[in-house]
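All remarks here apply to the structure that follows.
Read-outs throughout are calculated quantities, based only on the coordinates presented, and are distinct from any laboratory measurement. Remember, predicted model here, so these are calculated numbers, not experimental data. Every residue, glycine as well, gets a Cβ built from its backbone with ideal geometry; the counts of neighbours run over all protein chains shown.
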Amino acid sequence: MDPQNKYTAISRTALERIDPNKIYTGHGDCNDILVRLNTYGFRAVNVSYPLRYTLGETPGKRCNLYVLFKEFLWRMKEKYLILNFHPLVFFYFFGIVCVVTSLFLGIYALYEKIVGMEPLFIRAALALILLFIGSMLILFAMLFDMEQERNIGIF
């Protein structure tokens, strides 16, 4: 359950498919391997193994969020646009666009209310509607992604 422990076994077929030269070299390489295995349809199983830290090694290292986000975008492109098209990519895209737009519209509505003494209701209501629509699109994309994984039997 801890991909950061560096104890990983991988088949030759999977290793040849994921191209070891393209694996992230910093902390988070295990996450990169798991994302690549998932993208190319390989199964990953958890094998219990007691954690043993070497001298100077500390538990609780965190993976870089930038790396995780980059891997997520790569997986969306590779798995759902190139290898096998699935519309969940559009759900994610339009959901994120709606949420970001709603945040800017909400800030603008507050600015107009404070500085320009304009009515808040219409702009704020539109911002909330966009926020709800965007959130629902993102949640549907997550649901489709989980369902796709369940149907294939990965992880």
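Data table
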quantity	calculated
Segment Arg75-Thr25, extension gain: residue separation times 0.36 nm, minus the distance between their alpha carbons	16.2 nm
Pairwise centroid distance, computed over Cα atoms, of region 88-113 with region 116-132, Å	12 Å
Fewest-first sequence of Asp32, Asp19 by Cβ atoms within 10 Å of each Cβ	Asp19, Asp32
Extension gain from Arg150 to Asn64, taking 0.36 nm per residue of separation minus the Cα-Cα distance	28.2 nm
Simple spin-label estimate for Leu103 and Leu139 in nanometres, 7 Å along Cα-Cβ	1.9 nm
Rounded, prolate or oblate (a/c below 1.5 giving rounded, otherwise prolate when a/b exceeds b/c) for region 85-155 by Cα gyration tensor	prolate
